[in-house]
Each structure stands twice: as C-alpha cells, then as structure tokens.
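Notes for the one structure printed next.
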Amino acid sequence: MANSREFYWRRLHSLLGVIPVGIFLIQHLIVNHYATRGVESFNNAAHVMEGLPFRLILEIFIIFVPLYFHAIYGVYIAFTSRNNPRQYGTFRNWMFIMQRVTGVFTLIFVTWHIWETRIAAAMGADVNFGMMESILSDPFMLAFYIAGVVSTTFHFANGLWSFLVTWGVTISPSSQRISTYVTIGIFLALTTIGIRAILAFV
Amino acid sequence: MTATETMKEQKMIRFEIYRQDDLDSTPYMEEFEIPYRANMNVISALMEIRRNPFNKKGDKTTPVAWDMGCLEEVCGACSMVINGTPRQSCTALVDQLEQPIRLEPMKTFPVVRDLQVDRSRMFDSLKKVKAWIPIDGTYDLGPGPRMPEKRRQWAYELSKCMTCGVCLEACPNVNSKSDFIGPAPLSQVRLFNAHPTGAMNKNERLQAIMGDGGLGDCGNSQNCVQACPKGIPLTTSIAALNRDTNLQMFRNFFGSDNEV
C-alpha cells in the first residue's frame, strides 16, 4: 500500500486541471472574445498571442503536457467508475457522471480543435478570423464547436468544485453548497463568453 | 369480523429474490408469495420462506440464505439491495415497500449464497488504515489525555459506523475495476485521528489512506452520505481527510523529520 503513487497522480491531475489548464482556458476564451469587436480586433489579438516570446515552450509546458496528462489520466478515471444514476439520482451523482461524459467529449473536441487550428498552423495555415469563419460556416461544425465549448466550460466549472473539495478547501456541506452556486456562476459566465465569440464568426 | 380476518389471511406478499448458489454460479430470479402478517419486515418474510420453502409456482425449493445479527440496525450484517436500494433488511418494513419486493445481494461484495455476501474486504480495509488506538505495552501508561466533551459527542456520530457496506454499494468508484476501499474505512480514520490518544499515530493512518485504493480514488459523487443508514457525514469526513492528507503530503516532501 505504501509504495503506491496513485494518490499523488490524482492530486497532480486535480491541480493541473485548474493550474495551468483552467487558467489557459479562461485566457483563450477571453482572447477569442475579441472576435465580437470585429475582424481587425481578433486578428491583432491572435497575432499578439502568436508572437509571444518562447511560444513553443509555453505551448508545450503550459498547454500540451498538462492538458494531455489531465485528459489521458482522466479517461482512465472515467472508465474505472460504474455509474448508478438510477439508484442515486441526486444532483451530485449527476454532476459526477457529467464530469466524466464532458471530460471524454472535451478531449475529442479539443484534439480536433488543435488538429484543425494549431497543427494546421504548423503546416503553414494562417490562424485568423477567416480561418474560423470558414470552419464555422459548416452548420455541423458550428454545432460541434458550441457543444465543445459548453462541455469544456462545464467540465472546468464542475472540476473547480471538486478541486476545492480535493484540496481540502471546502469541507463543510454549507461551504460545498455555496461553491456549487459559485461554480454554476462561473460556468454561465464562461459559456456566455465562449458562445458569443463563436457566434461572432458566423 | 371473521370476513375481514379471512381477507387478511388471504392477503399475500410478493417477493422477487435474486438467488445464486455460490460465488461463480449464474444468478437466477425466484418468485415467492407468502401470507401477510401485520408489521412484518423483510427478515420475518425470509424466515417465513425458510419455514415453508415453496416458490410462487408451488415447487419446493431451497430456503433463501441471508445474513443477520442484531435485528435492530446496529450490526450491519443483514444489508441487501431492496427494491434497488442497499439497506438493512431488519428495518425494511414490508408495509412501506412497493410490491413485488425485489431482493438482491450487494454485488459489490463476493456473493456467498443468495443474499449473503462476504464483507471481509471492509474488515481488511480497517486493518490497513489502522482503525484502532494502540495502547498495548509492557507497563501501565496511566490515563490518556482527556477528550473534550463536545468532541466526544461529535465523534460518537462517526463511531456509529457498523461496516454494513451500504456506502460501498452506493459508491460508483467501488467496483471490480478499482481497488478503492470506499467511504466507511476513510471516515474511521477521521474518528481515530480525532481521539486524543489515537492522534498520537495520526500520520500512520494518513499514510495508509494515501496508498493504493485510498482517499485519492474518491470521485465526489457523494452517494455515500445519501445512502448511509446511520447518517454519518461521510463526505465531510472525506473532505476533512483531503485537507489532512494534503498537509501530510507537503510535510512528507518539504517538511521536517517530525512525523506527527
């Protein structure tokens, strides 16, 4: 029992979901929101992000490594649970299930999204307003992107709730209840920001 | 008067019991109908089947096997899944149950026979997490430190755990794909760490639940606290232990050589 590292992997998984992946998500959604201010505004913001010094290192260590560790370990966690909403149809049990469903869906969405934008950029495509406009002109992709953003913001907000429990911040039932309300607020705010940005490309 | 009595005598209770001869044999469902008596619980109905082991079709069958002990929801032995919910059969009153009453074993545990399961893993977990207070020695150590009365009252609630297994059955993370020990033994760590003498070995219990199948496997579905027949604040215990184990983790890595 004593030699296992599972506890530490789980703690690392919880930490990385918020820092840096969650922080990056917020930053990404906010930069996307420039799209609501017009083509020029978005392209400028995108070029600033593109032109950041040490960009590749930042991307690897702040985004890809933590993101894919969180995602792959998360899939393992998701598939070791045996969901039982029929016996226990409580709010928290549904959130437990949704966290696993959105986790897997977000992994699919994010991987596709990286393929279509970042990998495409590495192959020479220019990431700008026009690129997103052409992706989102397909109604199927528009629906996929909206679902992907909602799934991601849900997974982040609900994950923040369990992050607070896992790190021993919210212990009492009342503090856990209040953090539920706060994280619902965060979910609504981030979803609004994300969807407004998507719709700006349509 | 006689008419109503005859009516009552004819009133039957229907049961659907999921049976299995041993751990590896295929489970099957057998239906039973037994005469109604006032104030029956599931156990008295099972006793009736044992007295007269005929199934609904009228064929003679083997008596249904189940576990029981105290008959007052203190020992935890008679837990089974009743109409989809894991609970004690001694406090499951027939009058309050929808019929046919469906009885299944708690499949989280190995089935011994019919409704009887082997809860050994829970007792093994209690050993793993050192759910006791070591006071043995070669001479009398005298009285231990005093426990504040308020804390004693609070700890009493945690001590009500009867190792019944209902929280393990309710937990989505306790299953054949995971080695999670479940909420019950975790809450016992909080109980023994709260005791003034028990606190002297606090770090040993925390280290134990930081191992394989320990606290890290909790996924916060919070079914356990809903399911616990004793109303033990299991999720509060888990969150409190999260804080304690995190501090222990940092202490192990960054901290001093002072262990407790």
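The values are calculated or read from the model by the stated rules, or taken from the named source; none is laboratory data. Since the structure is predicted, the reported quantities are computational estimates derived from the model, not experimental observations. Here the Cβ is made from the backbone with ideal geometry for all residues, glycine too, and neighbour counts use every protein chain on show. Note: areas computed on protein heavy atoms with side chains; ligands, DNA, RNA excluded. Shrake-Rupley method; radii C 1.70, N 1.55, O 1.52, S 1.80 Å.
Summary table below
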read-out	value
A:His28, A:His70, ranked by accessible area, largest first (probe 1.4 Å)	A:His28, A:His70
Contact order relative to length of the stretch B:28-88, as percent, for alpha carbon pairs under 8 angstrom and 6 or more apart	21
Residue of B:Pro229, B:Pro143, B:Pro27 that the Gaussian network model of chain B assigns the largest fluctuation, springs spanning Cα pairs under 10 Å	B:Pro143
Gain on full stretching of the segment that runs from A:Arg196 to A:Asp138 - 0.36 nm per residue minus C-alpha separation	19.1 nm
GNM result for chain B, Cα springs below 10 Å: residue of B:Thr85, B:Thr245, B:Thr138 fluctuating most strongly	B:Thr138
Integer Hz, Karplus 6.51/-1.76/1.60 couplings in order for the stretch A:119-124, x for Gly and Pro	5, 4, 5, 5, 7, x
GNM flexibility winner over chain A from A:Thr180, A:Thr153, A:Thr111 (Cα, springs under 10 Å)	A:Thr111
DSSP-assigned coil residues among trypsin sites (Lys or Arg not before Pro) in the stretch A:62-114, each with at most 11 further Cβ atoms within 10 Å	A:Arg86
Stretch gain in nm, segment A:Phe91-A:Ile146, where the contour uses 0.36 nm per residue and the Cα spacing is subtracted	17.4 nm
Per-pair calculated FRET efficiency, R0 = 41 Å: B:Ser176 and B:Arg50 via Cβ, rounded to 0.05	0.85
Nitroxide proxy distance, nm - points 7 Å out along Cα→Cβ at B:Lys11 and A:Met49	6.9
Per-peptide average of other Cβ atoms within 10 Å, ordering B:73-82, A:189-198 highest first	B:73-82, A:189-198
Fully extended contour minus Cα-Cα distance, from B:Glu157 to B:Leu141, at 0.36 nm per residue	3.0 nm
Residue (of B:Cys78, B:Thr236, B:Thr61) at the positive-pole extreme of chain B, dipole from beta-carbon charges	B:Thr236
Overall form of the protein assembly as shown per C-alpha gyration tensor (a/c, 1.5; a/b vs b/c)	oblate
Computed E for A:Phe61/B:Arg251 - FRET, C-beta separation, R0 25 angstrom, nearest 0.05	0.35
Estimated FRET transfer efficiency when R0 is 22 angstrom, pair B:Lys57-B:Asp95 (beta carbons, to 0.05)	0.25
Of all accessible heavy-atom area on the protein assembly as shown, the percent that carbon and sulfur account for (1.4 Å)	61
Rel. contact order, % - alpha carbon contacts under 8 angstrom, at least six apart, the stretch B:117-221	37
Shielding of A:77-84 by partner chains, average beta-carbon count, 10 Å	6
Distance in nm between pseudo-label sites at B:Trp132 and B:Ala38 (7 Å out along the Cβ direction from Cα)	4.8
For chain B, cysteines whose Cβ has no other cysteine Cβ within reach (under 4.7 Å)	B:Cys78, B:Cys90, B:Cys161, B:Cys164, B:Cys171, B:Cys218, B:Cys228
Length-normalised contact order for chain B - Cα pairs under 8 Å, 6+ apart - percent	16
